1. Which residues, counting only those in region B:134-177, are assigned to a helix (DSSP H, G or I) and within 7 Å of chain A (Cβ to nearest Cβ)?
2. What residue, among those in region A:36-59 that are within 12 Å of chain B (Cβ to nearest Cβ) and assigned to a loop (DSSP other than H, G, I, E, B), is surrounded by the most Cβ atoms within 10 Å (Cβ to Cβ)?
3. What are the residues in region A:329-359 that are closer than 30 Å to A:A385 by Cβ and part of a strand (DSSP E or B), if any?
4. What's the number of the only condition in (1) among the β-branched types (V, I, T); (2) in contact with a Pro (Cβ under 7 Å, 6 or more places away or on another chain); (3) in a helix (DSSP H, G or I) that B:V181 fails to meet?
5. Can you tell me how many residues within region B:274-288 are in contact with a strand residue (DSSP E or B) (Cβ under 6 Å, 6 or more places away or on another chain) and either at pLDDT below 95 or more than 11 Å from chain A (Cβ to nearest Cβ) (or both)?
6. For region B:75-101: of the residues being in a helix (DSSP H, G or I) and without any contact (Cβ under 8 Å) to a residue 40 or more places away in the chain, which is nearest to B:E30 (Cα to Cα)?
7. Inside region B:297-314, can you point out the residues that are more than 20 Å from B:T347 (Cα to Cα), outside any loop (DSSP other than H, G, I, E, B) and either within 7 Å of chain A (Cβ to nearest Cβ) or within 23 Å of the chain's Cα centre (by Cα) (or both)?
Amino acid sequence: MLEDYRVIDLSDERGHLAGQILRQLGAEVIAVEPTGGSSARRLGPFAGDVEDTERSLHHWSYNRGKKSVVLDLDAPDGRAALHRLIAGADVLIETCSSEERSRLGLEPHESAASNPALIHVSITAFGSTGPKANWAASDLTIQAACGNMVITGDKDRPPLRVGTLPQAFHNAASEAAAAVLIALHERQTRSGLGQHIDASAQQSMNQCAQSMMLAEPTNAVMTTRIAGGANLQGIDIQLMWPCKDGHVSVTLLFGLMIAPFTQNLFDWVCEEGFCDEAARDKDWVNYAVMLLDGREPVAEYERLKGLLTEFFATKTKAELLHASLTRRVLIAPVWNAEDVLDSEQFASRGYWEDVEHPHLGPIRYPGAFARFSAAPLEKLPAAPALGAHTEAVLAAPLGTQALPSHRAPPPPIPRSTT
Amino acid sequence: MKILDLSWVMAGPAASRVLADYGAEIVRIESETRPDGARTLQPFRDNVTDPHYSGLWNNMNAGKRELSLNLAKEEAIDVLWDLVAWADVVLETFSPGSLARMGLSPDAMLERKPGIVVASSCLMGQTGPLAKLAGFGTMAAAISGFFYPVGWPDRAPCGPFGAYTDYTSPRWFVAAILAAVEHQRATGVGQHIDFSQAESAMHLLAPALLERSINGRTWERAGNKDLVHAPHGVYPAAGDDRWIAIACTGQAEWQALAEVIGRSDLGGLEGARRKQRETELDELVGAWTRQRDAVDAMITLQASGVPSHVVQNSDEVSVDPQLLHRNHFVEVAHSTQPGGTTIVEGTRFVLSRTPAAITTGGPTFGEHTFETLSEILGYDSDRIAELAAAEALE
């Protein structure tokens, strides 16, 4: 779908996902790497635990189907080549510090001057300007800054990040890909012009705090962390339970939309003799309100949680997942990477892409992130070897060619007046 | 761009919210007989559990218009068809098959309007043995592998807060929708998008999936520890439940940290050695932070270039100078909240030439029913009265 567009990906591991998404959608993506390769190539883990710039699983994951061009950006020639590439591109993605941006002549006004149609994306920890723009940051510290961390974890231990894998920059990079398409749509349908997109990992990751950072500005109670659940104005709402062979996520919530599912669960629990009819027939629509205003004692809710613990202990993850489909309850298993890879669901949808690697054979990757009925996403080859496309890309007359007419931006169209 | 938005709760509305920020015209469908679950979720303005006071609802739906339709009524389905004729994009998050039962399958829409983009998002995708798994992003996060590695090695997983994939998947969903719109612009061909929240989210775990399939290892819970770098953790500061995150990923950062905590003798420890002595180094760093105010410690560490940040809750996030600089909290008009305004979060990325416009909070029930029917669909008052009499607008 984006086959007519060219992306220069000057980012590192913090931004590679943005170019990967655009590549999956069909764009040509040229990864510009320093001599010695992108820092992502030195990030473990490595295939077969062999530390090698061609074996980083992180680099492999987010650079499939890209072209690799090595440029020495400390040398005038390298910088000139970069600018020639940018002059012929539709999109530039970078994760530079403000000092690097200025050294490379990549301030947004500079890139816009050389290519007015360019969509220039900066992905940084806090945004490219502002009081923290130059702060030292890492994925962990951004998760602390954005509000997500304080509500994640066990209440008697330090707050936690999400996952063993970095997430904050991936949130920003995926958001940046969406932003590129917004800017591209504007360019193609209205102005014919590019613009600068300033993405902030702090703000993108803040989305995952589920609007709870609005508590103080709207005079609401701030929440805090409880393991496997949420804190509702001081009441611990439990959303995860141990079961016979692991753990399950259970949406045991209330209100008009969810009450029918909660009812189905208690029907089942009662059917199997783990609770009486009085517990089964509670007013699940208004249950949260009743807990908050005291009509339902918190001790009674705690007792129900205990009954459920006994009930779930008799069931396996697979039985509970099956019940989600047959009994209309809201339960999902806590799966690990092995479970995910073994799942019939993803296999039956043809989600996995087995990609040929030289000397290593086919390797299984997450595949198309969506299925398009008219323009299905193509399976992508492995990440490029360092510099594999340097010669071919630099030999092409980039930046001097006129835009092919079919991708030439149309004249501006007046805004509709509805 | 005109969008008929049949999505609800979070994953769908979070996507259309981004498009609304940048100028898309969104008509949301909701019925008071089947309210959107986001209206029942905290935080609530002034702690009032009113369906129009949910901060989450307002944040997900800022800038959208709302038409009240009871989709159980045949007459309401006729209105939907008129909106399909108006829209460039139809967005829906029903469980697979629900639209078809209403007579509005993606195929039927494409047959009547070949250029339309119909975007369906659900937990597991429209096909496969688990297609019908109903639920929320908490469940998609659990089943796609996000719960398992979040937590402490000696305890049960605690999982990310809330419905993690409801927030990560909309980025891919927006990209998918806009790519299809671009395809339509270039070729005239519309299409159906079958989007699985779990499948998009799994890209965030790709290296862990490769590690399993290539190296046979499963990533276990590790608190805040990094696989390679140390020190890397969240350390206690003075006061109750006060914490500071500190992460050394390079030698210079560690040397600076060692100096700040008065242990420059250890500044020469290189990466692998630091990882080996992680427990000891964590204790040294914690002993230093514990005696200090979290903000003071952060300022001292930042002055030396050490990646660090206070673990902030809403009271600090809402006055974070960087977020204020980025206009992260925006006061917008609201028709029923005190003072006629509420606060929502701003756009998370800044477009330099066509900035976002965020002016209203989430709509109240059927707030724009009349104007949608009369202005967008051109219905006259008789037609609207008929719909009302048929209870289709409830």
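1. Across region B:134-177, the qualifying residues are B:T138, B:M139, B:A142, B:I143, B:Y164, B:Y167, B:T168, B:R171, B:W172, B:V174, B:A175, B:A176.
2. Filtering first and then ranking leaves A:P45.
3. Just the residues of region A:329-359 that are closer than 30 Å to A:A385 by Cβ, to begin with: A:337-338, A:340-341, A:346-347, A:350-359.
Passing the criteria: A:E353, A:D354, A:V355, A:E356, A:H357.
4. Exception for B:V181: condition (2).
5. Counting residues in region B:274-288 that are in contact with a strand residue (DSSP E or B) (Cβ under 6 Å, 6 or more places away or on another chain) and either at pLDDT below 95 or more than 11 Å from chain A (Cβ to nearest Cβ) (or both) gives 1.
6. The qualifying residue nearest to B:E30 (Cα to Cα) is B:I77.
7. Hits for region B:297-314 are B:Q302, B:S308, B:H309, B:V310.
Let's see how each residue does on (1) under 25 Å from the mean Cα position of the chain (by Cα); (2) of a type in the set (K, R):
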residue: B:S98; (1), (2): yes, no
residue: B:D107; (1), (2): no, no
residue: B:K113; (1), (2): no, yes
residue: B:V117; (1), (2): yes, no
residue: B:C122; (1), (2): yes, no
residue: B:L130; (1), (2): yes, no
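The values are calculated or read from the model by the stated rules, or taken from the named source; none is laboratory data. Not measured: the values here are computed from a predicted model. All Cβ positions, glycine included, derive from the backbone under ideal geometry; neighbour counts span all protein chains shown.
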